[in-house]
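Enquirer: Let me give you the structure first, and then I'll get to my questions.
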Amino acid sequence: MDPQHARELLRQRMDALRDVARIAEEQGGLDADARSTAGDNSPTEPAELATETIERELDLTIREAAEASLHDVERALQRLENGTYGVCLACGKPIAEGRLEAKPEAEYCVEDQP
């Protein structure tokens, strides 16, 4: 894969992941703000409290997954700079271009993907 094209795909992926992490953070933050300013309107029913807890946990999980994927993209950019981008970390064979198009941060070929 052309290094410039790979770099562009990785930058696009990074931007999308940052947006996901930011939105999850904002939603979680808005929920916390709403609870702190709700006063008597805050949920008192166990089901309502459980729903809020689940929503906060979901926001946290989404943010953490996006941040982990961001680290994958950063490592891929480093491999691109080192000249090892597109090479499977397990077997050393080239990663299929179609796989890199779909998942530009891929570290492994399909056969060696853990």
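The values are calculated or read from the model by the stated rules, or taken from the named source; none is laboratory data. Bear in mind the structure is a predicted one, so any value in this text is a computation, not a measurement. When we count neighbours, we look across all protein chains shown, and the Cβ atoms used for this are built from the backbone with ideal geometry, even at glycine.
Enquirer: Kindly provide the set of residues from segment 67-87 that are small (Gly, Ala, Ser) and over 17 Å from Leu17 (Cα atoms), ordered by number.
Expert: Of everything in segment 67-87, those that are small (Gly, Ala, Ser) and over 17 Å from Leu17 (Cα atoms) turn out to be Gly83, Gly86.
Enquirer: Still on this structure: Could you list, in sequence order, all residues of segment 54-109 that are surrounded by fewer than 17 Cβ atoms within 10 Å (Cβ to Cβ), assigned to a helix (DSSP H, G or I) and polar (S, T, N, Q)?
Expert: Across segment 54-109, the qualifying residues are Thr61, Gln78, Asn82.
Enquirer: Continuing with the same structure: Please name all residue pairs, on different chains or six or more residues apart, with Cβ atoms under 9 Å, provided the first residue is in segment 9-27 and is free of Cβ contacts under 8 Å to residues at least 60 places away in the same chain and within 12 Å of Leu80 (Cβ to Cβ) and the second residue is β-branched (Val, Ile, Thr) and surrounded by 13 or more Cβ atoms within 10 Å (Cβ to Cβ).
Expert: Close Cβ pairs (under 9 Å, with a partner that is β-branched (Val, Ile, Thr) and surrounded by 13 or more Cβ atoms within 10 Å (Cβ to Cβ)) amount to Arg11/Val73.
Enquirer: Give me a count of the residues in segment 9-43 that are modelled with pLDDT of 95 or more and in contact with a Pro (Cβ under 9 Å, 6 or more places away or on another chain).
Expert: Of the residues in that region, 4 qualify.
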